[in-house]
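Derivation of every value follows stated rules applied to the coordinates shown; laboratory data play no part. What you see is a predicted model, and the numbers here were worked out from it, not measured in a lab. All Cβ positions, glycine included, derive from the backbone under ideal geometry; neighbour counts span all protein chains shown.
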There are 2 protein chains.
Amino acid sequence: MTTRCGANPIEFIAKKRDGGRLGATEIQDFVTGFMEGRVTDYQMSAWLMAALLVGLDDAETVALTQAMLHSGKVLRFSSLRLPKVDKHSTGGVGDKISICLAPLVAACGVAVPMIAGRGLGHTGGTLDKLEAIPGYDTRLEARRFQAVVRDVGVSIIGQTAELAPADRRIYALRDVTGTVESIPLIVASILSKKLAAGLDGLVLDVKVGRGAFMKDLVAARLLARTLVRVGRAAGRRVVALLTDMSVPTGLTIGNALETREAIEVLGGGGPPDTVELTLALGAEMLIIAGVDARRGDARRRLEQARRSGAGLERFARMVAAHGGDPRVVEDPARLPRAPERVPVPAPVSGTVAAIDPRELALVALALGAGRTRADQAIDPRVGIELSARRGTRVTRGEPLAWLHVARRDQANPHLSRVSAAFAVARRVADVSPLVIGRVTR
Amino acid sequence: MTTRCGANPIEFIAKKRDGGRLGATEIQDFVTGFMEGRVTDYQMSAWLMAALLVGLDDAETVALTQAMLHSGKVLRFSSLRLPKVDKHSTGGVGDKISICLAPLVAACGVAVPMIAGRGLGHTGGTLDKLEAIPGYDTRLEARRFQAVVRDVGVSIIGQTAELAPADRRIYALRDVTGTVESIPLIVASILSKKLAAGLDGLVLDVKVGRGAFMKDLVAARLLARTLVRVGRAAGRRVVALLTDMSVPTGLTIGNALETREAIEVLGGGGPPDTVELTLALGAEMLIIAGVDARRGDARRRLEQARRSGAGLERFARMVAAHGGDPRVVEDPARLPRAPERVPVPAPVSGTVAAIDPRELALVALALGAGRTRADQAIDPRVGIELSARRGTRVTRGEPLAWLHVARRDQANPHLSRVSAAFAVARRVADVSPLVIGRVTR
């Protein structure tokens, strides 16, 4: 409404502070003012804290999403007839799903223009995993990204300076001002970045459990519902799956190790949970895209693309289009490998009842697989390879896992911690299913 | 506790955000970090908003006060045997009390090292009023201030860069981030600044009503109680009076006009409410200082200092010590005077039932008596002189007030607004007493 400078940001902050409802135009003005320097970093931070503590309703969250989305370029694929659908995960341990899922879905006739993220803290990032492939460039500019999507049907890049720059700047502030943990702010950040790629639809993988951002189901369901409602209000088809993150996904944690596992899944192999998650999310993407009407049909189509090698072929073409070495597909030994593998023996015999994903992630982080500051370098080779899953019977002295390390002595400080992350018991209690729920509105 | 940099400010912000209680050491570290540049402006702003919305308890407010107080020099008057007591008002319209009160109390044997403020928005500031005296320098450095207090018993200066610099920097942020309206933050700001002058005791004038920062009694009482509790916890004797600000104090609004009225009070004259407020607050100061045990005795002592000219003599010596012209005491015509006085006639005959202090303050502001931005210049000559108080009978056409203006045409746009600020009725309803309450714990 008002376009006065100066007093306006203060009134805007005070309105939210006092429980008021902000209009779409006001929110747009505030975000624009921030990008133009009329609203300062400290004003934005004060507002973010007020928004976190007082809350934003759906209409405000939609307006914030749109304002952040339109702070940069919004891609259009005018010559592309295919439906454009992406997937976003809220982050877990061993979550390499995007790498196998995106090419597989592309092989089924859906364009997947994916804007992915880097790992920070205990969760890994798709970009770091892809960069384990020699030569793979995640920093294509928007025009090249569009060309790869058109030609190959799939491209995975990082957020560029052109796409949702307000989200980048606001996220950088949230990260250092204790304002990350707000569902509306999380939703606006995810959606603004994702929708900048010009999507028709989005499937969300909202993870719940010790290895996830959301530790409990109530909070995760709220996040999923808000994502779906706000995404739909922004005119996109959106569905969310609530999935279990009480154990790591698959059998690998660490960048090159995870990429190798994703390639196995594309080739028809891979651990059953990684495969199941890929099929469950892929089926939602095909349904949203209108390729299939029924989940069973969609799953069969995805399985077919996996068994026929069509998914692997898309993956190889995507890698090549990004400057990477497509021979990793046939020869995963071309991925960087740690020179040493150190076993972690089972301290007792029994059945693996639980595996703490957070503990393993923190060990992988300490080995150099992740970063605690955004400017840290990572070692793509290092990580943890699990020999046992939940429910596996193990014998005392047999390896529960292998640490992939640069030097043998690097493993020593972590052996007992990795061992303790595995709960070995007489028997396993009932475990929650991999897909806990489906949120459509 | 922890002295790690980096993660620490974020954890500190998140702790308050999540309803946690902050320890004194943590608060001290955060404020020190802010002054040393390890805590950024945007982190401080996010924390201020969390503190405003979640609240700070007394212990946290004491710790914040102490941290801000000790961010700079805390004055000691080691050679001075007199008790040191100051007064602080939360700000009103026509509030010139400090100017007559401080010298009067000094004349009764109490040292008054007063750190005063400037006007901003609709309320005036003691410094601006004193600067209406030709030559008066409010910017003495700490050493000179201490010397004047020792020699004269009273000095009134502005906050210097040496005293509570954290308060200055934090206040500047609060002013532009919607974080002014927090009782704990207000209390810490007031007390850190005041206690930096090395006080033994402090009397607070917490104003309530349309012309005050606090519009209702519940909020004002909470502010008064918090000020008293936190001040006492910081080891000072503190009392607060809740006083009525539903009408302007006295008969003048504007800098030179108000200083003239204060001189009248010191000379034994002045409007009855200005005199009463001076005596009520002065009696509290004498009791806190241990000069008198009973209010009646204290008031008699103050009246004696007023009638004997002892207060006026202190005032003249203080003015001279600050480089000002002490002859304004005998000859108020030496104060700057506006060239034009424009009457505002009563529209009807009757009794003045109410005078809106805020409306009159906004007119004085528009005439140039105040500022809306901290860097604006003010005109010491301009303002409003009231001819009628609440309860005065007026006849249609007689002046309700006079506008003191630089040019005659300057008055025209404001005449009807000033007239409308006076409610003239058949009779006056019961009005609240000037001193509404006394808060001692």
Normalised per residue, the volume inside the convex hull of the alpha-carbon atoms of chain A in Å³ amounts to 135 Å³
Once B:D151 and B:E11 are pulled to full extension, the length gained, defined as 0.36 nm per residue separation minus their Cα-Cα distance, is 45.5 nm
The FRET efficiency for A:T32 and B:S349, from their Cβ-Cβ distance with R0 = 45 Å and rounded to 0.05, is 0.20
With the dipole of chain B defined by +1 on each Lys or Arg Cβ and -1 on each Asp or Glu Cβ, the option from B:F315, B:L104, B:T123 whose Cα lies farthest towards the positive pole is B:L104
Per 10 angstrom bin, beginning at 0 and ending with the bin that holds the maximum distance, the Cα pairs of segment A:234-351 fall in percents of 12, 33, 34, 17, 5, 0
Treating only Lys and Arg (+1) and Asp and Glu (-1) as charged, each at its beta carbon, one finds that chain A has a dipole about its Cα centre, in Debye to the nearest 20, of 620 debye
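Kirkwood Rh over Cα pairs of segment A:85-332 into Stokes-Einstein at 25 °C, 0.890 mPa s: D in µm²/s?
Rounded, D is 138 µm²/s.
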So for R0 = 30 Å, FRET eff. of A:R417-A:D325 from the Cβ-Cβ r, to 0.05, ends up at 0.30
Filtered hits (aspartates and glutamates, Cα-Cα < 14 Å from B:K84, offset >= 8 within chain) -> B:D151, B:D200, B:E284
With +1 at each Lys and Arg Cβ and -1 at each Asp and Glu Cβ, the charge dipole magnitude of segment A:322-405 around its Cα centre, to the nearest 20 debye, comes out at 200 debye
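Could you give the size of the charge dipole of the protein assembly as shown about its Cα centre, using +1 on the Cβ of each K and R and -1 on the Cβ of each D and E, expressed in debye and rounded to the nearest 20?
Numbers: 122 positive and 92 negative charges, 170 e Å.
The dipole magnitude comes to about 820 debye.
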Taking only Cα atoms of segment B:337-425, the Rg to Rh ratio with Kirkwood Rh works out at 0.99
Phi angles of segment B:403-408, converted by Karplus (6.51 cos²θ - 1.76 cosθ + 1.60, θ = phi - 60°) into ³J(HN,Hα) in whole Hz with x for Gly and Pro, give 8, 9, 10, 6, 9, 3
Given a Förster distance of 30 Å, the FRET efficiency implied by the Cβ-Cβ spacing of B:A161 and A:V54, rounded to the nearest 0.05, works out to 0.25
Scalar couplings 3J(HN,Hα) for segment A:158-174 by Karplus 6.51 cos²θ - 1.76 cosθ + 1.60 (θ = phi - 60°), nearest whole Hz, x for Gly and Pro, are x, 4, 9, 5, 7, 9, 6, x, 5, 4, 4, 5, 5, 5, 4, 5, 4
The long-range amide H neighbours of A:K207, using H built 1.01 Å from N in the peptide plane and a cut-off of under 5 Å, are A:T90, A:G91, A:T243
Taking a crude spin-label model, label points 7 Å out from Cα along the C-beta direction, the A:R143 to A:K215 distance in nm is 4.9 nm
Rounded to the nearest 5, the percent of antiparallel DSSP beta bridges in chain B equals 55 percent
Under the 7 Å Cα-to-Cβ spin-label approximation, B:D409 and B:D430 lie apart by a distance in nanometres of 5.1 nm
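When a/c is below 1.5 the answer is rounded, else prolate if a/b is larger than b/c, else oblate, so apply that to segment B:9-55 with a ≥ b ≥ c taken from the square roots of the Cα gyration tensor eigenvalues.
oblate
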Distance in Å, no decimals, from the C-alpha centre of segment A:158-187 to the one of segment A:207-267 is 19 Å
Expressed as a whole-number percentage, the relative contact order of chain A with C-alpha contacts under 8 angstrom and at least six residues apart is 19 percent
Label points for B:P343 built 7 Å along Cα→Cβ; distances to same position in the other copies, nm, shortest first, come to 10.9
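Using Cα pairs under 8 angstrom and six or more residues apart, how large is the relative contact order of segment B:19-96, in percent? Intermediate results must be reported in sequence, preceding the final value.
Details: 30 pairs, mean separation 32.0, N = 78.
Once divided by the residue count of segment B:19-96, the mean separation gives 41 percent.
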Computed over all unlike Cα pairs, the Kirkwood hydrodynamic radius of segment B:33-73 in Å stands at 11.1 Å
In the structure shown, of A:K15/B:K87; A:K15/B:K16; A:K16/B:K129, the pairs separated by more than 30 angstrom at the C-alpha atoms are A:K15/B:K87; A:K16/B:K129
Looking only at aspartates and glutamates whose Cα falls under 15 Å of B:K73's and that sit 8 or more positions away or on another chain, we get B:E141, B:E162, B:D167
With label points set 7 Å from each Cα along the Cα-to-Cβ direction at B:A293 and A:S387, the distance between them in nm comes to 8.8 nm
The percentage of Cα-Cα pairs in segment B:41-189 separated by more than 26 Å is 32 percent
With a ≥ b ≥ c from the Cα gyration tensor eigenvalues, square-rooted, and the rule rounded for a/c under 1.5, otherwise prolate when a/b > b/c and oblate otherwise, segment B:58-142 is oblate
Listed by chain and number, the aspartates and glutamates with an alpha carbon less than 13 angstrom from that of A:K215, same-chain partners under 8 positions apart left out, are A:E181, A:D244, A:D356
When the charge dipole of chain B is computed with +1 on Lys and Arg Cβ and -1 on Asp and Glu Cβ about the Cα centre, the Cα farthest towards its positive end, among B:I133, B:A50, B:A374, belongs to B:I133
Bridge orientation stat for the protein assembly as shown from DSSP, antiparallel percent rounded to 5, came to 55 percent
Quick shape summary for the protein assembly as shown, equivalent ellipsoid via Cα gyration tensor, semi-axes whole Å in descending order, reads 70, 30, 21
